[in-house]
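S.K.: One structure, as structure tokens, below. Some questions next.
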Amino acid sequence: MSQAAAALPDVATTADFERIRRRAILSCAIGNFVELFDFLIFGLFAAQIAANFFPGGDPVISLLSAFATYGVGFVMRPVGAIVIGAYGDRKGRKAALILTVGMMAGATALTGLIPSYASIGIWAPILLVICRLIQGFSTGGEWGGAAAFLVEYAPPGKRGLIGSMQQFSVGMALIAGTLTAAILNSVLDKEAMIAWGWRIPFILGFVLAPIGLYLRSRVSETPAFNKAVTQNTVASSPLRDALTIYRLPVLAAFGISVVGTVGNYTFNIFMPSFAATQLGIPAGSAYYASAVAAVVLTVLTPVAGWLSDQVGRKPVLLVSAIGYGLLSYPLFQYLVGTPTATGLMITQCISAALLGFYAGPLCAVLAELFPTKVRFTALSIGYSMAVTIFGGFAPFVATFLIRETGSPLSPALFVILAAVISTVTLLLIKDPTNAPLD
């Protein structure tokens, strides 16, 4: 029997452990899908949310307000990373991941039920912001917890592939979200979408939540955490240790994470609204283009994860970082010069290919930077700070840059900045591929 199997209670054979491993990976991925679907749909329906909660004479100002509220959810992600991360490092990954799915489900359902500004006035945007804060808090713990859970269940030599299932499920959530947006915008007119159509995906997200809760409640804790409990090496203060003993790896996790978060939220979340509101591309067509790009991302993510197991994490991640640095401006230039659904699809698919090379190795490389006793907390803090500072407000920054500069190409400069930060970080760190998960 393997050491990993021995770390699980009531496991008689290696075959039993492999069955438990498969179930654990599936439950984590499905729960993560539910969680990220609920979180992403806010950005995909920003235009309709703006019309309901931030009415005004200037549609750009209304959209800025909606994207700012979208970004507010990211402000809570570091808080969730700290609180839920520390809980997960002390009490276990399983308990923390059950908590995150439950919180997300409640906040998502309430978002879909909040009356509009016309009905209850200022309370409408206030309640919307509160729900978004809860969503951000939950996601702050979910991302790092799912990454740690999957990598800790993976055998040596397959951490990139199995860790990529977390980002694979994010890709599936993006496909589901963009397809939902595309279908609704195609079958409903603009007035119906604003009146009630935008609420449908939020209710759907709530309905899916019990599946994630059920699956997560039936899996075993990870072998790595069980081993830490057995050896009495669980950290009494994982936050303190993460920010003192492991502060440099936390900074590395932050720097590595920047380019992917900016690339994702600029090209996948901001761009459909930008294409529909400023380039005149029909909203339904814009979201179908995004769905195709999401398929490209989802397919390439496990391929890149597997490749990182063969050649190392750094070479694969550098393809993404350098690619975004070189191609972001030409991609925006191409789309503005070819403002069609086809042009949008080509632009987003090229970005999706670059993003796949980032997403595939990401969970593994971040998990391998830290020991088990602080992995959940430290990984979550590094990643969530990058998402908060750079990724979450990327749609807001992109919209603001266009408004202030008058150039529709200006968002590319923000992506290039992110690419430089991640490239420099990757060049400075030692490749942690297959480092022991002690």
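The values are calculated or read from the model by the stated rules, or taken from the named source; none is laboratory data. Small disclaimer: the values here were computed from a predicted structure and weren't measured. When we count neighbours, we look across all protein chains shown, and the Cβ atoms used for this are built from the backbone with ideal geometry, even at glycine. To get the accessible areas, we keep the full protein, side chains included, count just its heavy atoms, and leave off ligands, DNA and RNA. Shrake-Rupley method; radii C 1.70, N 1.55, O 1.52, S 1.80 Å.
S.K.: Name every residue in segment 205-241 that is surrounded by 14 or more Cβ atoms within 10 Å (Cβ to Cβ), of a type in the set (Ser, Thr, Tyr) and closer than 19 Å to Asp16 by Cβ, in order of residue number.
M.R.: Ser220, Thr222
S.K.: Scan segment 266-292 residue by residue and report those that are open to solvent by 10 Å² or more (accessible area, probe 1.4 Å) and of a type in the set (Phe, Trp, Tyr).
M.R.: Across segment 266-292, the qualifying residues are Tyr287, Tyr288.
S.K.: Restricting to segment 147-161, name every residue that is under 15 Å from Pro302 (Cβ atoms) and either of a type in the set (A, V, I, L, M) or in contact with a Phe, Trp or Tyr (Cβ under 6 Å, 6 or more places away or on another chain) (or both).
M.R.: Scanning segment 147-161 gives Ala147, Leu150, Val151, Ala154, Leu161.
S.K.: Which residues, taken from segment 115-136, are open to solvent by less than 40 Å² (accessible area, probe 1.4 Å) and either in a helix (DSSP H, G or I) or free of Cβ contacts under 8 Å to residues at least 24 places away in the same chain (or both)? Walk me through how you get there before you give the answer.
M.R.: Kept after step one, since they are open to solvent by less than 40 Å² (accessible area, probe 1.4 Å), are these residues of segment 115-136: 116, 121, 124-125, 128, 131-132, 135-136.
Residues satisfying the conditions are Gly121, Ala124, Pro125, Leu128, Cys131, Arg132, Gln135, Gly136.
S.K.: Additional query: Return yes or no: is Gly392 within 16 Å of the chain's Cα centre (by Cα), farther than 16 Å from Leu251 by Cα and open to solvent by less than 20 Å² (accessible area, probe 1.4 Å)? Break it down into steps so the answer makes sense when it comes.
M.R.: Details: within 16 Å of the chain's Cα centre (by Cα): yes; farther than 16 Å from Leu251 by Cα: yes; open to solvent by less than 20 Å² (accessible area, probe 1.4 Å): yes.
Judged against the criteria, Gly392 is a match.
S.K.: Of all residues in segment 358-408, which are charged (D, E, K, R) and part of a helix (DSSP H, G or I)?
M.R.: Scanning segment 358-408 gives Lys373, Arg375, Arg403, Glu404.
S.K.: Another question about this same structure. Quick one: in segment 42-61, of everything that is in a helix (DSSP H, G or I) and open to solvent by less than 10 Å² (accessible area, probe 1.4 Å), which residue is modelled with the lowest pLDDT? So that I can check it myself, show each step before the final result.
M.R.: At the first step, the residues of segment 42-61 found to be in a helix (DSSP H, G or I) are 42-44, 46-53, 59-61.
Within this subset, residues satisfying the condition of being open to solvent by less than 10 Å² (accessible area, probe 1.4 Å) are 42-44, 46, 49-50, 53.
On the way: Phe42: 78, Gly43: 74, Leu44: 77, Ala46: 77, Ile49: 84, Ala50: 81, Phe53: 82.
That would be Gly43.
S.K.: So, in segment 244-265, exactly how many residues are more than 22 Å from Ala46 (Cβ to Cβ) and open to solvent by less than 10 Å² (accessible area, probe 1.4 Å)?
M.R.: 6
S.K.: Another question, then. Any chance segment 62-81 includes a residue that's among the aliphatic types (A, V, I, L, M), within 18 Å of the chain's Cα centre (by Cα), surrounded by 18 or more Cβ atoms within 10 Å (Cβ to Cβ) and at pLDDT 90 or above?
M.R.: Within segment 62-81 (the criterion being among the aliphatic types (A, V, I, L, M), within 18 Å of the chain's Cα centre (by Cα), surrounded by 18 or more Cβ atoms within 10 Å (Cβ to Cβ) and at pLDDT 90 or above), the answer is yes, since at least one residue qualifies.
S.K.: Do we find that Ile203 is assigned to a helix (DSSP H, G or I), touching a helix residue (DSSP H, G or I) at 6+ places or on another chain (Cβ under 9 Å) and under 27 Å from Ser119 (Cβ atoms) in this structure? Full working, then the answer.
M.R.: Details: assigned to a helix (DSSP H, G or I): yes; touching a helix residue (DSSP H, G or I) at 6+ places or on another chain (Cβ under 9 Å): yes; under 27 Å from Ser119 (Cβ atoms): yes.
Judged against the criteria, Ile203 is a match.
S.K.: From the list Tyr117, Tyr87, which residue is within 30 Å of Pro302 (Cβ to Cβ) and in contact with a helix residue (DSSP H, G or I) (Cβ under 6 Å, 6 or more places away or on another chain)?
M.R.: On the way: Tyr117 fails: within 30 Å of Pro302 (Cβ to Cβ).
Answer to the check: Tyr87.
S.K.: Continuing with this model, one more query. Do you know which residues across segment 422-432 are closer than 16 Å to Leu355 by Cβ and hydrophobic (A, V, I, L, M, F, W, C)? Outline the logic, then answer.
M.R.: Of the residues in segment 422-432, the ones closer than 16 Å to Leu355 by Cβ are 422-423, 426.
Listed by number, the list holds a single entry, Leu426.
S.K.: Looking at Lys158, Lys94 in this structure, which one is among the basic types (Lys, Arg), touching a residue at least 12 places away in the same chain (Cβ under 8 Å), more than 18 Å from Phe45 (Cα to Cα) and surrounded by fewer than 20 Cβ atoms within 10 Å (Cβ to Cβ)?
M.R.: Working: Lys94 fails: surrounded by fewer than 20 Cβ atoms within 10 Å (Cβ to Cβ).
After applying the criteria, what remains is Lys158.
S.K.: Hey, another quick one. Would you say Tyr324 is of a type in the set (Ser, Thr, Tyr), touching a Phe, Trp or Tyr at 6+ places or on another chain (Cβ under 9 Å) and closer than 30 Å to Ser62 by Cβ? Outline the logic, then answer.
M.R.: Values: of a type in the set (Ser, Thr, Tyr): yes; touching a Phe, Trp or Tyr at 6+ places or on another chain (Cβ under 9 Å): yes; closer than 30 Å to Ser62 by Cβ: yes.
Taking the combined requirement at face value, the residue satisfies it.
S.K.: Collect the residues in segment 415-438 that are open to solvent by less than 30 Å² (accessible area, probe 1.4 Å), part of a helix (DSSP H, G or I) and not hydroxyl-bearing (Ser, Thr, Tyr), keeping them in residue-number order.
M.R.: Across segment 415-438, the qualifying residues are Val415, Ala418, Ala419, Leu426.
S.K.: For the condition surrounded by fewer than 19 Cβ atoms within 10 Å (Cβ to Cβ) and more than 21 Å from Arg159 (Cα to Cα), what is the one hit in Val387, Val336? Steps first, please.
M.R.: Working: Val387 fails: surrounded by fewer than 19 Cβ atoms within 10 Å (Cβ to Cβ).
After applying the criteria, what remains is Val336.
S.K.: Hey, does segment 176-186 have a residue that's closer than 30 Å to Trp306 by Cα and in contact with a Gly (Cβ under 9 Å, 6 or more places away or on another chain)?
M.R.: Within segment 176-186, one or more residues are closer than 30 Å to Trp306 by Cα and in contact with a Gly (Cβ under 9 Å, 6 or more places away or on another chain).
S.K.: Follow-up question, since we're still on this one. Being modelled with pLDDT of 90 or more and either under 22 Å from Ala235 (Cα atoms) or not in a helix (DSSP H, G or I) (or both): is that true of Ile98 here? Walk me through it before giving the result.
M.R.: Numbers: modelled with pLDDT of 90 or more: no; either under 22 Å from Ala235 (Cα atoms) or not in a helix (DSSP H, G or I) (or both): yes.
The answer is no for Ile98.
S.K.: Here's a follow-up. Would you check which residues across segment 16-41 are charged (D, E, K, R) and either closer than 30 Å to Phe400 by Cα or not in a helix (DSSP H, G or I) (or both) and list them?
M.R.: Within segment 16-41, the subset charged (D, E, K, R) is 16, 18-19, 21-23, 35, 38.
Listed by number, the residues that qualify are Glu35, Asp38.
S.K.: If Gly263 passes every condition in (1) assigned to a helix (DSSP H, G or I); (2) farther than 23 Å from Asn32 by Cβ but one, which one does it miss?
M.R.: (2)
S.K.: Pairs please, first residue from segment 339-357 and outside any helix (DSSP H, G or I), second anywhere and crowded, with 24+ Cβ neighbours inside 10 Å, Cβ atoms under 8 Å, 6+ apart in sequence or on different chains.
M.R.: Sorted first by the residue in segment 339-357, then by its partner, the pairs are Pro339/Ala275.
S.K.: Shifting gears a bit: Assuming Val365 fulfils every condition listed in (1) more than 21 Å from Gly160 (Cβ to Cβ); (2) open to solvent by less than 40 Å² (accessible area, probe 1.4 Å); (3) under 18 Å from the mean Cα position of the chain (by Cα); (4) not small (Gly, Ala, Ser) apart from one, which condition is it?
M.R.: Answer for Val365: the failing condition is (1).
S.K.: Counting only residues that are within 26 Å of Ser308 (Cα to Cα) and of a type outside the set (Phe, Trp, Tyr), which one in segment 320-330 is most open to solvent (accessible area, probe 1.4 Å)? Steps first, please.
M.R.: Of all residues in segment 320-330, those within 26 Å of Ser308 (Cα to Cα) come to 320-328.
Imposing the further condition that a residue be of a type outside the set (Phe, Trp, Tyr) reduces the set to 320-323, 325-328.
Details: Ser320: 0, Ala321: 1, Ile322: 81, Gly323: 11, Gly325: 26, Leu326: 126, Leu327: 70, Ser328: 0 Å².
Top of the filtered list is Leu326.
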